[in-house]
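Right, one structure below, let's go through it.
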């Protein structure tokens, strides 16, 4: 590359295209600055600054949803701005906004530094937004590592709790393994796509467009090294979304991580994995002879494993983690269908939004019910919740009902859209497995609801209730939880704007 | 006839095996011929940099040290980027200077934050 080319590249960098990410980064730095400047008694305002700042960025993003850079590539085609990318950007911003809110409920119960939590959440969501738009393996990997390293810190954030440290260590080891698999896949693809001896080799084998044109040439998609690379990259992504057989870290990490972080892992990290998967599926489309059967088997195994493993759980965080595995399976069903039915892409995005609303409603209730020991959240602790706090119980029912897919809540519509797409694509066997999974899932979700409504606190439960202070729900939390529950109900009846918005056709 | 392009690897392998075998063999030969076995407590003592090791090796290290290492990395990386920037400085536009300033300020914020949190004080 000559200096002229470099200068041209520098001149064509459109900073405005990543304005939301830049603002998130600046907001994150501002929080650290505020911590240094503000006196100790005023530091409670810092999370509010984070909330307001993120809300502002979200509004700005929604107003400028159809930007001038839509469907273009920026930064030397490191990034590609698509409609899907914009939808995922909004998704991650909403998720980080809600995680900040959960942090405001959960963190005061522990003796840990506060401000860094919000700082890291902001950095992670900025990296997730970049991840969803990456168009180059280097960009993808750097963004993914920023997300993962941030999560290493967040998972072990309650550093005095041995559970949290154990979860952090397990996540570190598993995360390193998945990054290794992903990198190995990328290296294989780089080597094979840049090999001058093969037809269609490209000078930019890391870029998605170059790689796609290479795979589409001749019999390259059936080249052994290319196919291995594609499979390894898929394995690396499967770790992030917690798909079978890479789901083994999920229960322990979800249990040990602080509740807001568990929510962020369950929603944000998973959605980031699916955003990447959709982008890569387009790049790897010539390899669909390999990907479709692999993802089909993976989806079926993930749905069955997640639901049957969740049946026996008593710790609610483990239960939500394993049910999250099954949700990843349903989403994978949509991913498989999207190869032939374009409508499935919108269906998966709708499902992700429904999952976000319902999950955060449930996690919001969990953050309130949790005591000082964050890893110790059993189903028994919910006994009698309907009597002691009817508001939280109502939110819990709506959230769990939506996760279970009870009509007419949003989760039901999400599942319906995905099943319709799978039916259109002709995956009848997988559809049968998914329906079995839904039926099984109703059992454990309703076990939880039963605990909250029909069980009275037992002896041990009494002890817990006595040792816990009365649950008080703050104003912000009350408003947000009400909004989440209402949105879950409304989206079940009327998908109008969101349905059109996620390009549901 | 050209040798196989990977023939030198075989040569490497042969040398790599032969070298220690010959060395150890010569040493062994020396022991057998000139050095009778006379073990004693001093001769059998563990030799570790001239000092006898004391205590358990499973001790707790001060985690504080790692903070210093990370803070050192800030300057390390800064230098790594500043050096090529300084070399090409005369040919760069104003934008590059601003970009570098932003980069340095980002690192400075990290340092100031750590300083403010008291991580630079050795307790």
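The values are calculated or read from the model by the stated rules, or taken from the named source; none is laboratory data. Note that this is a predicted model, so its numbers are computed, not measured. Heads up, the Cβs are rebuilt from the backbone with ideal geometry, glycines too, and the neighbour counts pull from every protein chain shown.
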Q) Considering A:235, A:243, A:271, which residue is in a helix (DSSP H, G or I) and either in contact with a strand residue (DSSP E or B) (Cβ under 8 Å, 6 or more places away or on another chain) or surrounded by 22 or more Cβ atoms within 10 Å (Cβ to Cβ) (or both)? A) A:271
Q. When the residues of the range A:36-47 are filtered to those that are more than 10 Å from chain B (Cβ to nearest Cβ) and assigned to a helix (DSSP H, G or I), which remaining residue is nearest to residue A:126 (Cα to Cα)?
A. A:47
Q. Looking at the range B:42-54, is at least one residue assigned to a helix (DSSP H, G or I) and modelled with pLDDT of 80 or more?
A. no
Q) Is the range A:146-155 home to any residue that is over 19 Å from the mean Cα position of the chain (by Cα) and modelled with pLDDT under 95? A) no
**Q.** Selection from the range B:69-123 of residues that are within 22 Å of residue A:116 (Cβ to Cβ), assigned to a loop (DSSP other than H, G, I, E, B) and either away from every other protein chain (no Cβ under 13 Å) or over 29 Å from the mean Cα position of the chain (by Cα) (or both)
**A.** B:117, B:120, B:121, B:122, B:123
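Results for (1) surrounded by 12 or more Cβ atoms within 10 Å (Cβ to Cβ); (2) within 13 Å of chain B (Cβ to nearest Cβ); (3) without any contact (Cβ under 8 Å) to a residue 12 or more places away in the chain; (4) not in a loop (DSSP other than H, G, I, E, B), shown as yes or no for each residue.
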| site | (1), (2), (3), (4) |
| --- | --- |
| A:18 | yes, no, no, yes |
| A:21 | yes, no, no, yes |
| A:30 | yes, yes, no, yes |
| A:34 | yes, yes, no, yes |
| A:49 | yes, no, no, yes |
| A:55 | yes, no, no, yes |
| A:59 | no, no, yes, yes |
Q: Please verify whether the range A:61-68 includes one or more residues that are within 14 Å of chain B (Cβ to nearest Cβ), out of contact with any helix residue (DSSP H, G or I) (no Cβ under 6 Å at 6 or more places or on another chain) and surrounded by fewer than 16 Cβ atoms within 10 Å (Cβ to Cβ).
A: no
